[in-house]
Amino acid sequence: MYDGGKIIAGIIIGLALLTFPIWYTSGRAAPKPEVKLPVKEKECVQPGPYMKKKHMQVLDLWRDSVVRVQQRSYVAFNGKEYDMSLQNTCMSADCHAKKSEFCDRCHNYTGVVPYCWDCHIPPKEKPEEKH
Amino acid sequence: MNVILSLIVSSVAVFGLVVIAFVGVWGAHLEWLFGVVIPYLAVITFFVGMIYRVVQWGKCAMPFRIPSTCGQQKTLPWLKRTYVDKLDNPVGTVAVVGRMILEVLCFRSLFRNTRLEFGNGQEIKYKSAKWLWFGSIVFHYTFLIVLLRHLRFFTEPMPFFVPIIEKVDGFFQLYVPTLYQSGLLLGAAATFLLLRRVIDGKMRYISLPADYFPLFLILGLATTGVLMRYVLKADVVSIKELTMGLVSFRPVVPEGISVLFYIHIFLVSVFFAYFPFSKLTHMAGVFLSPTRNVSNNSRIVRHINPWNYPVKVHTYAAYEDEFREKMIDAGLPVEKGAPEPAKPE
């Protein structure tokens, strides 16, 4: 090989950069996060699998509906009516009261930074109950 | 191959890949094959193939220096050389490195592209033609950003730069989930590069399925990615479980991942496996372009052709030594005289 030193150095640098996720993880995958589901309430405004994928679009719809059309009532898939409110409905004491045990788990795992909290204030959590 | 056939062959190939993944996962439930086995095989093919390619290139001898020089060569001290001359007619390592940096990061060769145009009558003009450079720089950099953003699926915790890239990329906070500009621009740039080949007659004439196929493949990748993120949605947590399983060599296939994801990852696998066999090798090859990465020092350093083999030579002096007496006998002129007879003791 001609200029073997330079070529091998180039290959090593290329390999090191392209295999970054492998040596950065080094065989230890963090476990999949588990969200804490509410104990009392059994049903959300839409079925679980739907919410898992599309909750951000439901919330976006709610925001537009409340802020732009003043329509605050949401009829859920099971016919129940809900007040469209992130803080008072979604995050009420009976449901997803703790941001750190529900929202943050998946968002942190998948690197999602929703801008809900630019305007909303998440319900207060007692510090000792935090994980 | 004519243009219609080329376009049909390459687009049908990409569509066929989509169908294979769809049928394989939706019909035959081969999640392990498409989610784990094929990605691993593809990545192995990529690395082995690329290293093989680079080593093969390294084995090629370079018998002489062939930098393309567009500036004043280093010569007599009173002939001035500007920075442009130093870059375009590099002498030392520093100049070559500078030239390579501009080439690899800024695509300078494309930037210097010109187009011949006819002026009035006999007049000929060379006009700057920057569209190819523009399309290709947008394409490559948005692709890089998209690739780096995907690190959120392959690292836990994420390295510091991923959230920064996501924040800048989603700067306008349009749509939910936040629209990433890089995705749109990547699609636009790839479409431009495709149309450029189809619309311009000269480009159309020299384009082959090997040119169209990667573009269709990348458009397919972008489309499935965009569909997954913005339209049909995907179970991101399960997908990350799968991808983290891949990078930690503890593969898992969680339930509830949509077929679309398997189509996406299959196209990605084909893309990676296709690299060493195609024009996409320019990713490594750009560093080994001899017209860019050698210095123009032919007049300063003696370069010996590595192909030279030892040639059997018979010098004139040796020839004369061999035939001197016969030459003298024949009356031919000789450089050295006849050997003196040995003196008697």
* Asked: Looking at the range B:278-323, which of its residues are surrounded by fewer than 12 Cβ atoms within 10 Å (Cβ to Cβ) and of a type in the set (Val, Ile, Thr)?
  -> B:Ile300, B:Val301, B:Ile304, B:Val311, B:Val313, B:Thr315
* To do: Quickly run through the range B:237-253 and pick out the residues that are open to solvent by less than 20 Å² (accessible area, probe 1.4 Å) and in a loop (DSSP other than H, G, I, E, B).
  => B:Ser248
* Asked: Quick check, is A:Val45 assigned to a loop (DSSP other than H, G, I, E, B), over 22 Å from B:Pro157 (Cα atoms), of a type in the set (A, V, I, L, M) and more than 10 Å from chain B (Cβ to nearest Cβ)?
  -> yes
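This table checks each residue for (1) among the charged types (D, E, K, R); (2) under 20 Å from B:Ser10 (Cα atoms); (3) under 30 Å from the mean Cα position of the chain (by Cα).
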| position | (1), (2), (3) |
| --- | --- |
| B:Leu184 | no, no, yes |
| B:Leu215 | no, yes, yes |
| B:Thr223 | no, yes, yes |
| B:Leu246 | no, no, yes |
| B:Gly256 | no, no, no |
| B:Tyr262 | no, no, yes |
* **the range B:152-204, residues that are outside any loop (DSSP other than H, G, I, E, B), free of Cβ contacts under 8 Å to residues at least 12 places away in the same chain and of a type outside the set (A, V, I, L, M, F, W, C)** => B:Pro163, B:Lys167, B:Gly201, B:Lys202
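If a residue has to be farther than 28 Å from B:Leu221 by Cβ and of a type outside the set (A, V, I, L, M) to count, how many in the range B:119-144 make the cut?
The first filter runs over the range B:119-144 and keeps only residues farther than 28 Å from B:Leu221 by Cβ, leaving B:119-129.
Now narrow it down to the ones that are of a type outside the set (A, V, I, L, M): B:119-123, B:125-128.
Result for the range B:119-144: 9.
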* To do: Quick one: A:Asn108 ticks every box in (1) assigned to a loop (DSSP other than H, G, I, E, B); (2) within 10 Å of chain B (Cβ to nearest Cβ); (3) polar (S, T, N, Q) except a single one, so which number is it?
  => (1)
* Asked: Is there any pair linking a residue in the range B:304-320 that is within 15 Å of B:Pro333 (Cα to Cα) to one that is exposed (fewer than 10 other Cβ atoms within 10 Å of the Cβ) and not charged (D, E, K, R), with Cβ under 6 Å and at least six apart or on different chains, and which?
  -> none
* Asked: Is there a residue being within 12 Å of another protein chain (Cβ to nearest Cβ), open to solvent by less than 30 Å² (accessible area, probe 1.4 Å) and under 30 Å from B:Ala42 (Cβ atoms) anywhere in the range A:49-57?
  -> no
* Structure fact -> From the option list B:Phe153, B:Phe111, B:Phe118, single residue qualifying as touching a Lys or Arg at 6+ places or on another chain (Cβ under 8 Å) and within 22 Å of B:Pro290 (Cα to Cα) is B:Phe111
* Structure fact -> Those residues of the range A:11-29 that are at pLDDT below 90 and in contact with a Pro (Cβ under 8 Å, 6 or more places away or on another chain) come to a total of 0
* Asked: Any residue at all in the range A:87-101 that is within 14 Å of chain B (Cβ to nearest Cβ), part of a loop (DSSP other than H, G, I, E, B) and within 30 Å of B:Leu148 (Cβ to Cβ)?
  -> no
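The values are calculated or read from the model by the stated rules, or taken from the named source; none is laboratory data. The shown structure was predicted, so the numbers you read here are calculated from the model rather than taken from an experiment. We place every Cβ from the backbone using ideal geometry, glycine too, and count neighbours over all the protein chains shown. These accessible areas exclude ligands, DNA and RNA; they are computed on the full protein's heavy atoms, side chains included. Shrake-Rupley method; radii C 1.70, N 1.55, O 1.52, S 1.80 Å.
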